[in-house]
1. Could you go through the stretch 189-205 and let me know if any residue there is surrounded by fewer than 22 Cβ atoms within 10 Å (Cβ to Cβ) and not in a helix (DSSP H, G or I).
2. Regarding L259, is this residue among the aliphatic types (A, V, I, L, M), open to solvent by 40 Å² or more (accessible area, probe 1.4 Å) and at pLDDT 95 or above?
3. Output the residue which, of all residues in the stretch 1-43 that are under 11 Å from the mean Cα position of the chain (by Cα), open to solvent by less than 20 Å² (accessible area, probe 1.4 Å) and of a type in the set (G, A, S), is modelled with the highest pLDDT.
4. Where the second residue is exposed (fewer than 14 other Cβ atoms within 10 Å of the Cβ) and the first is closer than 13 Å to L17 by Cβ and lies in the stretch 29-51, which pairs have Cβ atoms under 6 Å and are six or more apart or on separate chains?
5. Of these, E215, E171, E184, which one is outside any loop (DSSP other than H, G, I, E, B), crowded, with 24+ Cβ neighbours inside 10 Å and not aliphatic (A, V, I, L, M)?
6. Scan the stretch 118-144 and report the pairs whose first residue is without any contact (Cβ under 8 Å) to a residue 40 or more places away in the chain and whose second residue is surrounded by 15 or more Cβ atoms within 10 Å (Cβ to Cβ) and not in a strand (DSSP E or B), with Cβ atoms within less than 7 Å and a gap of 6+ or a chain change.
7. Residues that are open to solvent by 20 Å² or more (accessible area, probe 1.4 Å): find the helices (runs of 4 or more DSSP H) completely inside the stretch 71-160 holding 1 or more of those.
8. Considering only the stretch 44-64, state which residues are open to solvent by less than 70 Å² (accessible area, probe 1.4 Å) and modelled with pLDDT under 90.
Amino acid sequence: MFDAVRRLFVNDLSIDLGTANTLVYVRDEGIVLNEPSVVAIRMDARGAKKVEAVGIEAKQMLGRTPTNISTVRPLRDGVIADYTVTEKMLQHFIRKVQKGRMTRPMTRVVVCVPYGSTQVERRAIRESVENAGARKVWVIEEPIAAALGAGIPIGEARGSMVVDIGGGTSEVAVISLNGIVYAESVRIGGDKFDESIVSYVRRQYNMLIGEATAERIKIQIGTAFPGHEVQEIDVVGRHLAAGVPRNFTMNSNEILDALQEPLSGIVKAVKQALERTPPELGSDVAERGIVLTGGGALLRDLDKLISEETGLPVIIADDPLTCVARGGGMVLDMLDRQSDFYSLD
């Protein structure tokens, strides 16, 4: 009864503040928000700026705005690129989540950040969340949250490896006894995949496509490993010489070729982590396998590529896109018995 009454007044949130998407997990309710980290800004005749749209609505405007409206992605490579816009975006998302509450709740928030983020970057994220209305903010590292969300028993004296591939960064970590034994954060993720596709199309077809089109190509026919089935997609872009829109067709083998550079960067980070893992923990990883989380894990046959390159079993977590947010939610449940868990920032 007390818990039911408390939930009317207090929200405990876990926020996966990602480069591509922001996810919000509400304690006892699960994932309640999953929207693109995009904000549309309108500038009036006097030069004053106001938020026009946030999230899904703003993403639909990408590449389609008039001169007085700009679409902004306030996070780049997992860190805040525009502090003010990030704060406005968080305020919008938190208000959306809190709609229907009887009063303004005193919210406790867990925010997940890349392992490689600096103290200055973490402080900026913490302050943005506090200014968006949170009473108490904890900052935790994404590999820990991803492992928890994937169901990995990180409290055991056994090694587990998680590879979290997000929009801006990929995190590779070996975890044991609730702590990170080794971790590497590389600034390669879904955004780099999209950029590689845009560059490939410009180079091979002399055509220009936008971010949204590149993302659609990646989702529909993107692959990380050669397969027997070749898929195709019809694309419309602007011919750079003629300056007019043209139709052309791409296949999955071309996308595989386009993604070679970012994929090799992720594989290199995984191999480096295995090389630097203590032998006993390395044998645990060989037995348990490597767990893939994050939206990048949804790229077709990425598990096959990493397995082929490392010789180890690779498992894609259930619902990999939400692992970090759900793992942060599990940390919320652990806050009451914090002594049993690792130290939170």
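The values are calculated or read from the model by the stated rules, or taken from the named source; none is laboratory data. Only a predicted model underlies this, so the values are computations on that prediction, with no experimental measurement involved. Note that we place each Cβ from the backbone using ideal geometry, even for glycine, and neighbour counts take in every protein chain shown. Protein only, heavy atoms only, side chains kept; ligands, DNA and RNA dropped before computing areas. Shrake-Rupley method; radii C 1.70, N 1.55, O 1.52, S 1.80 Å.
1. No, the stretch 189-205 has no match at all.
2. Working: among the aliphatic types (A, V, I, L, M): yes; open to solvent by 40 Å² or more (accessible area, probe 1.4 Å): no; at pLDDT 95 or above: yes.
Answer is no for this residue.
3. In this case the residue turns out to be S37.
4. E35/I56
5. Answer to the check: E171.
6. As it stands, the answer is V137/R126; V137/V129; V137/E130, since those pairs meet every condition given.
7. Details: elements: 83-98, 119-131, 142-149.
Correct list: 83-98, 119-131.
8. D44, G47, A48, L62
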